Number of protein chains: 2
Amino acid sequence: MPPGPPRVVTLGLGPIGRAVTREIVGASDLKLVAAVDPAPNLVGRDLGDLLRDERAAGMRVLPHLDALGRRKADVAVHMAASRFGPALAHLKDLVQRRLSVVSTCEELIAAPYRWRRETAALDRAAREAGVSILATGINPGFLMDLLPAALTNVCVDVTSVRVTRHVDTSKRRAALQAKTGAGISLAEFRRRSREGTVGHVGLRDSLIFLMNHLPIEGEVGEETLRPIVAARRIRRGRTNIEKGHVAGVHQVVRAHDASGRSVAVFDLRMAYGLKNAHDEIVVRGDPPIRSRFEGGISGDRATVGAVLSTIRFASDAPPGFGT
Amino acid sequence: MPPGPPRVVTLGLGPIGRAVTREIVGASDLKLVAAVDPAPNLVGRDLGDLLRDERAAGMRVLPHLDALGRRKADVAVHMAASRFGPALAHLKDLVQRRLSVVSTCEELIAAPYRWRRETAALDRAAREAGVSILATGINPGFLMDLLPAALTNVCVDVTSVRVTRHVDTSKRRAALQAKTGAGISLAEFRRRSREGTVGHVGLRDSLIFLMNHLPIEGEVGEETLRPIVAARRIRRGRTNIEKGHVAGVHQVVRAHDASGRSVAVFDLRMAYGLKNAHDEIVVRGDPPIRSRFEGGISGDRATVGAVLSTIRFASDAPPGFGT
């Protein structure tokens, strides 16, 4: 990359995309070139208004990267897809434009194992273009995959890993409450569960990544997704959850060794008003390690932090696909 | 490096050196070529006896690398010096022999900041020889430097960092009790404190490393070292600590910003019978992060684990000096 602050374009202006764009505008070592989102209610909007930050005033939300014109960028921050399929199309386009990519796509963390051929082709294209593609995030991207992998790195031997993440969604943004089904009926939950439109995306991906970094063999099973039901009616502000309706989700995925022994368990609960919120990594091994984050790590802000660190890292990253 | 398991020679057969050598002997993906220690009571000893591991029987402890003869090695594990001065001489020699180095030298973690010229020369020599030099360990090397740096990587903003490590040395090896002055008088403690032969080596080095990886500026102050005094007589097995004598050490080092505000504190207590042993990293920032290791991480075993991971990593590491 040329000297000077990396020139950054952001793609996707959802809550995380807006927060990231705002931080880039405020960072002296990064330069925002443009923000892109094709949503009709966003295209053409003044970025200063949208971000509630005067320093971005005068910039308009672009509908597409083609609208960049002669403005040059070094890094694209891709925050426009959770699933690998649509992300792959975006990433191919960005690499063709010779932009390094930092992506929050949840399924990228395990892409080298789940979509070998497509990821290998993307890696080749990125190397040829001399750009890097870096997957980042908190979950996936840190708490249930990179961090346990880093902790077990100091173990002489690992027997099993258990990661628990219990999130009280009443303390997080409304989008997370909606994503975890807060307030919907059990029938609606079943329907959305079949559609794949409720719950956290990427839990199994995190475990696939982790198992590829642990010194133990294990096959990753299927993920279970169950509703957490409100034991009583909850009314708070705009929130209204009937007794017996959904307060949130409980997702579990395990890995077993050849003898059927459980070698890794991920237990994720995200529900409105959930008690005893925390994140915890428990490694049975030599030495044993137990790391507890009381109250949990705020996924939203930490994702913004992880994206910013990764943008800064992207300038020096070797070409190709990396996590 | 050539294909096949990395061929490893270990240098220094103290408690950690023996444990690491034993694990290498037992690892199918590593090959022990030789173990070196010039101590008169070790030279020529049968390694099977020394390690109490039959798989090493028939190998003799060598007095010096020159005794390797025609046996070829790829990686040297340097566990023979805590201080940078003697380590530098060893590392220069290893690089000249075209060996990649994994070193547990406590002062290496901050060497690029404390001994810039010497480290730069070592880095150049390693690049020219096509070998890597990797510093590793738990403290320094992980718990108070790399891990807090990794955690703050997901923060949008960092205000301050506090790392606490409280170790009950009655549950660790005798060498750690001796190193922390368990049982000596206060007069003896003062004398050994002046000599620099009591307490943990590398606390300030960890903080120098961390401050070079945090997004906040801060000057690292001097380290304080105080005795933790036994409130009553302790007798347990071979341990005998008189009331009023030393049970262990309390070491503190801080960093301050230009206005005098404390931006980082390391608080290390290691004492015989210390209550409430734990390791904790507290980050004030956006988001705040609090990670607690109840009972603490066993430094001895985790150091062995970190060394083994680093040996495996060394095969693919780029030439030059790295942490």
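Can you find a residue in the range B:272-290 that is among the charged types (D, E, K, R), under 30 Å from B:T10 (Cβ atoms) and surrounded by fewer than 23 Cβ atoms within 10 Å (Cβ to Cβ)?
Looking for residues that are among the charged types (D, E, K, R), under 30 Å from B:T10 (Cβ atoms) and surrounded by fewer than 23 Cβ atoms within 10 Å (Cβ to Cβ), one finds none in the range B:272-290, hence no.
Condition first: farther than 28 Å from A:P6 by Cα and within 14 Å of chain B (Cβ to nearest Cβ). Can you find one or more residues in the range A:258-277 that meet it?
Within the range A:258-277, one or more residues are farther than 28 Å from A:P6 by Cα and within 14 Å of chain B (Cβ to nearest Cβ).
What are the residues in the range B:1-15 that are more than 22 Å from B:A67 (Cβ to Cβ) and in contact with a helix residue (DSSP H, G or I) (Cβ under 7 Å, 6 or more places away or on another chain), if any?
Residue satisfying the conditions is B:P15 alone.
Only one residue in A:L210, A:L225, A:L274 is touching an Asp or Glu at 6+ places or on another chain (Cβ under 7 Å), not small (G, A, S) and not in a helix (DSSP H, G or I), so which one is that?
Exactly one residue qualifies, and that residue is A:L274.
When you scan the range A:241-256, do you find a residue that is within 14 Å of another protein chain (Cβ to nearest Cβ), without any contact (Cβ under 8 Å) to a residue 60 or more places away in the chain and assigned to a loop (DSSP other than H, G, I, E, B), even just one?
no
Quick one: which residue in B:R301, B:R290, B:R312 is in a helix (DSSP H, G or I) and facing another protein chain (nearest Cβ under 7 Å)?
B:R301
Within the range B:43-66, track down each residue that is in contact (Cβ under 8 Å) with a residue 24 or more places away in the chain and either buried (at least 19 other Cβ atoms within 10 Å of the Cβ) or outside any loop (DSSP other than H, G, I, E, B) (or both).
Within the range B:43-66, B:L47, B:L50, B:L51, B:R55, B:A56, B:M59, B:V61, B:L62, B:L65 meet the criteria.
Output the number of the condition that B:R192 fails; it satisfies all remaining conditions of (1) in contact (Cβ under 8 Å) with a residue 12 or more places away in the chain; (2) over 20 Å from B:C105 (Cβ atoms).
Only one criterion in (1) in contact (Cβ under 8 Å) with a residue 12 or more places away in the chain; (2) over 20 Å from B:C105 (Cβ atoms) is unmet by B:R192, namely (1).
Checking B:A87 against (1) without any contact (Cβ under 8 Å) to a residue 24 or more places away in the chain; (2) out of contact with any His (no Cβ under 8 Å at 6 or more places or on another chain): exactly one of these is not met. Which one?
All conditions pass for B:A87, except number (2).
Only residues that are out of contact with any helix residue (DSSP H, G or I) (no Cβ under 7 Å at 6 or more places or on another chain), under 21 Å from B:V154 (Cα atoms) and within 13 Å of chain B (Cβ to nearest Cβ): list them for the range A:118-166, please.
A:L143, A:L146, A:L147, A:L151, A:T152
Quickly run through the range A:255-281 and pick out the residues that are among the charged types (D, E, K, R), in contact with a Gly (Cβ under 8 Å, 6 or more places away or on another chain) and over 20 Å from A:R292 (Cα atoms).
Of everything in the range A:255-281, just one residue is among the charged types (D, E, K, R), in contact with a Gly (Cβ under 8 Å, 6 or more places away or on another chain) and over 20 Å from A:R292 (Cα atoms), namely A:D257.
Laboratory data are not the source of any read-out in this text; all were calculated from the coordinates shown. Keep in mind that this is a model prediction, so the values were computed, not measured. Counting neighbours? That spans all protein chains shown, and the Cβs are built from the backbone with ideal geometry, glycine included.
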